[in-house]
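Trainee: Dropping the structure in here first, questions after.
The values are calculated or read from the model by the stated rules, or taken from the named source; none is laboratory data. None of these values were measured; they are calculated from a predicted model. Cβ coordinates were reconstructed from backbone atoms using ideal geometry, including for glycine residues, and neighbour counts include every protein chain displayed.
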């Protein structure tokens with residue numbers, strides 16, 4: 001197998017240059033594969049990850065921790081969220097390199113906050129009252145519980161989940177205490193965005209990209225050391241539980257390191273895209289390593305992340321064309337992610353799990369996809385149209401100099417000299 005990128009012929013299709021992968025065992029670079037086209041399966045992969053989170057949560061939400069009727073062989077939710085962070089690191093790094101700081105913040109805010117804020121409002125003022133009425137047959141005390149809907153929106157406004165429930169509507173649920181237990185990862189995602197912003201502002205993202213490799217190596221070393229000390233379950237990082245960062249607040253330490261490493265690996269892949277080969281042999285090797293890691297569990301967790309991020313990038317270009325079309329125009333993945341937990345929680349409170357895991361999961365997926373479609377078409381997509389918006393500055397019109405009135409010019413008579421024309425701009 002040759003590790004040197006092979007020359008590749010590009011062709012034009014629908015006005016867009018397309019760079020195909022050559023035959024098995026030969027390489028193109030990440031830059032060749034992604035720079036000149038958007039024909040990739042990233043949106044499809046993200047949708048799959050969002051649905052995979054639902055699969056992982058179904059048993060826990062429907063029956064409670066430790067009582068799941070279908071035991072997952074792997075942590076599907078953890079794998080899916082890690083995939084989100086790996087892809088996000090690759091894409092957000094590109095955005096950080098290509099846009100200014102203000103535009104970068106504007107783009108990221110438009111993608112995260114409008115859909116998130118609407119989700120908070122709908123959860124607090126539509127879903128929670130419905131659940132409260134179902135449980136109490138009245139709404140008389142809904143606003144007097146000390147953890148009402150206004151507090152839910154206010155305390156969680158910037159993704160820091162300081163109020164997990166609304167009016168204790170999940171107090172008696174199988175998974176009690178949280179009406180939307182998935183939203184905590186958004187804060188870690190935003191923290192990774194701040195990392196990109198800081199590297200971009202300090203020009204390290206362009207002029208000292210090796211700093212990203214150093215950061216990735218440090219995080220990888222921490223993960224490997226933690227895995228060695230706790231080979232079956234997460235080690236001391238998980239025992240610490242949480243860490244407080246100045247200004248940013250509290251984080252779950254283990255997931256901050258693990259998800260942060262996936263994000264940084266995605267960043268490194270983007271920054272060194274011209275030097276990273278993308279070929280089928282390496283893609284299959286990454287797939288086998290990931291499968292081995294998932295089968296063994298934590299011992300290969302560090303290398304698993306490296307292989308997993310490479311696998312995602314390879315799959316993004318190698319999946320069939322039909323799958324690459326999914327989500328190209330309408331990306332429902334974010335809506336699925338932010339609405340899945342509250343809808344699954346509501347269906348569990350309505351006792352749908354008594355009809356079985358399969359029906360519960362399929363009903364949840366159908367309901368979530370419908371709501372996610374509404375979120376995309378009514379909130380997310382209209383807001384994303386504002387990505388290129390720029391405040392208009394009213395131009396300053398210089399004052400016109402005052403021109404003295406001209407004397408009346410008598411009509412020219414035969415034999416008179418021609419009269420000079422008045423100055424330009426003067427009244428005539």
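Trainee: Identify, please: which residue in the range 283-305 is under 24 Å from residue 273 (Cβ atoms) and in contact with a helix residue (DSSP H, G or I) (Cβ under 6 Å, 6 or more places away or on another chain) and is, among those, surrounded by the fewest Cβ atoms within 10 Å (Cβ to Cβ)?
Mentor: 287
Trainee: Which of (1) under 24 Å from residue 372 (Cβ atoms); (2) under 20 Å from the mean Cα position of the chain (by Cα); (3) part of a helix (DSSP H, G or I) is the odd one out, the single condition residue 158 does not satisfy?
Mentor: Failed condition: (3).
Trainee: Where residues in the range 245-259 are in contact with a helix residue (DSSP H, G or I) (Cβ under 7 Å, 6 or more places away or on another chain) and over 14 Å from residue 308 (Cα atoms), which of them is surrounded by the fewest Cβ atoms within 10 Å (Cβ to Cβ)? I'd like the intermediate steps shown before the answer.
Mentor: At the first step, the residues of the range 245-259 found to be in contact with a helix residue (DSSP H, G or I) (Cβ under 7 Å, 6 or more places away or on another chain) are 248, 251, 253-259.
Now drop any that are not over 14 Å from residue 308 (Cα atoms), which leaves 248, 251, 253-257.
Numbers: 248: 13, 251: 21, 253: 18, 254: 21, 255: 20, 256: 20, 257: 19.
Within the range 245-259, the match that is surrounded by the fewest Cβ atoms within 10 Å (Cβ to Cβ) is 248.
Condition check ((1) more than 27 Å from the chain's Cα centre (by Cα); (2) within 15 Å of residue 256 (Cα to Cα)) across all residues:
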position	(1), (2)
143	yes, no
153	no, no
163	no, no
168	yes, no
178	no, no
185	no, yes
190	no, yes
194	no, yes
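Trainee: Just to check your reading of the model, which residue among 53, 102 is touching a helix residue (DSSP H, G or I) at 6+ places or on another chain (Cβ under 9 Å) and either at pLDDT 90 or above or crowded, with 18+ Cβ neighbours inside 10 Å (or both)?
Mentor: On the way: 102 fails: touching a helix residue (DSSP H, G or I) at 6+ places or on another chain (Cβ under 9 Å).
None of the other options fit; the residue is 53.
Yes/no per residue for (1) surrounded by 16 or more Cβ atoms within 10 Å (Cβ to Cβ); (2) part of a helix (DSSP H, G or I); (3) at positive phi; (4) under 19 Å from the mean Cα position of the chain (by Cα):
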residue: 83; (1), (2), (3), (4): yes, yes, no, yes
residue: 88; (1), (2), (3), (4): yes, yes, no, yes
residue: 120; (1), (2), (3), (4): yes, yes, no, yes
residue: 124; (1), (2), (3), (4): yes, yes, no, no
residue: 129; (1), (2), (3), (4): yes, yes, no, no
residue: 134; (1), (2), (3), (4): no, yes, no, no
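Trainee: Here's something else I'd like to know. Which one of these is touching a residue at least 12 places away in the same chain (Cβ under 8 Å), closer than 30 Å to residue 29 by Cα and in a helix (DSSP H, G or I): 316, 335? Let's see the steps before the verdict.
Mentor: On the way: 335 fails: closer than 30 Å to residue 29 by Cα.
When all the criteria are applied, what remains is 316.
Trainee: Among the listed residues 76, 29, 18, which satisfies the condition of being modelled with pLDDT of 85 or more and more than 30 Å from residue 352 (Cα to Cα)?
Mentor: Working: 76 fails: more than 30 Å from residue 352 (Cα to Cα); 18 fails: modelled with pLDDT of 85 or more.
Selected residue: 29, the only one of 76, 29, 18 that is modelled with pLDDT of 85 or more and more than 30 Å from residue 352 (Cα to Cα).
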